[in-house]
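S.K.: If you scroll down you'll find the structure; I have some questions about it.
The values are calculated or read from the model by the stated rules, or taken from the named source; none is laboratory data. All values derive from a computational prediction rather than experimental measurement. Reconstructed Cβ throughout: ideal geometry from the backbone, glycine too, with neighbour counts over all protein chains shown.
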């Protein structure tokens, strides 16, 4: 089995970010959507990113941004990926090819046929999350992972993944898993014991 990527998202402080990296995270995500309880100001996020090793990718999470907002954040440096977690169109994603950054487009899954949307987006990866009518991500809820079939792109799987369910998520055959609420003590604050359990549980399956 190929080594699956592990993305730890919703970081708001340097201690959690460095702990995630030390335990084995491949990508660290920062939420720039102001209504989110995990929102972090860009200036604070950049200070945390400056302390991370260069082999770890950084991801900026946005919801329905405009191109100027993305351009401003990318030009500030440090971001390797931008994650579009809202209702962005395939045309909008296509328009971002000039940015020197990779793009993750999120599809929030409620019904099986929504998976067909994945091939419509010109993105570097697709992230499948659970649909909610009230929030964009961080719901702690899963959708039916058996729905995931052949999608012509890298797939990150999110939505209610916990230390106990992480192995099952990896065994779906995705490129990476995205964990946020499943390893928190409260929104924006990671539980280091849960993170340690997560990486312990997946250590052998990643080798």
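S.K.: Among 50, 43, which is the only one that is out of contact with any strand residue (DSSP E or B) (no Cβ under 7 Å at 6 or more places or on another chain), farther than 16 Å from residue 9 by Cβ and without any contact (Cβ under 8 Å) to a residue 12 or more places away in the chain?
M.R.: 43
S.K.: Residues in the range 13-27 that are out of contact with any strand residue (DSSP E or B) (no Cβ under 8 Å at 6 or more places or on another chain) and not in a helix (DSSP H, G or I): how many?
M.R.: Number satisfying all stated conditions: 0.
S.K.: Hey, which of the helices (runs of 4 or more DSSP H) in the range 39-116, taking only ones fully inside, have at least 1 residues that are closer than 27 Å to residue 24 by Cβ?
M.R.: It comes to 42-49, 67-75.
S.K.: Listed residues 117, 83; which is surrounded by 15 or more Cβ atoms within 10 Å (Cβ to Cβ), under 19 Å from the mean Cα position of the chain (by Cα) and without any contact (Cβ under 8 Å) to a residue 24 or more places away in the chain?
M.R.: The unique qualifying residue is 117.
S.K.: So how many residues does the range 97-153 have that are closer than 14 Å to residue 86 by Cα and modelled with pLDDT under 75?
M.R.: 8
S.K.: So, one more: For the range 147-157, which residues satisfy the criterion of being assigned to a loop (DSSP other than H, G, I, E, B) and in contact with a helix residue (DSSP H, G or I) (Cβ under 9 Å, 6 or more places away or on another chain)?
M.R.: Scanning the range 147-157 gives 148, 149, 151, 152, 153.
S.K.: Looking only at residues that are within 12 Å of the chain's Cα centre (by Cα) and without any contact (Cβ under 8 Å) to a residue 60 or more places away in the chain in the range 146-157, which one is nearest to residue 28 (Cα to Cα)?
M.R.: Ranking the candidates gives 157 first.
S.K.: Right, another one. How about the range 41-75: which of its residues are within 11 Å of residue 101 (Cβ to Cβ) and surrounded by fewer than 16 Cβ atoms within 10 Å (Cβ to Cβ)?
M.R.: The answer is 71, 75.
S.K.: Take the range 5-24 and flag every residue that is in contact (Cβ under 8 Å) with a residue 40 or more places away in the chain and closer than 30 Å to residue 173 by Cβ.
M.R.: Across the range 5-24, the qualifying residues are 5, 6, 7, 8, 9, 10, 11, 16, 19, 20, 23, 24.
S.K.: Which of the residues spanning the range 159-192 are surrounded by 21 or more Cβ atoms within 10 Å (Cβ to Cβ), in a loop (DSSP other than H, G, I, E, B) and touching a residue at least 60 places away in the same chain (Cβ under 8 Å)?
M.R.: 174, 180, listed by residue number.
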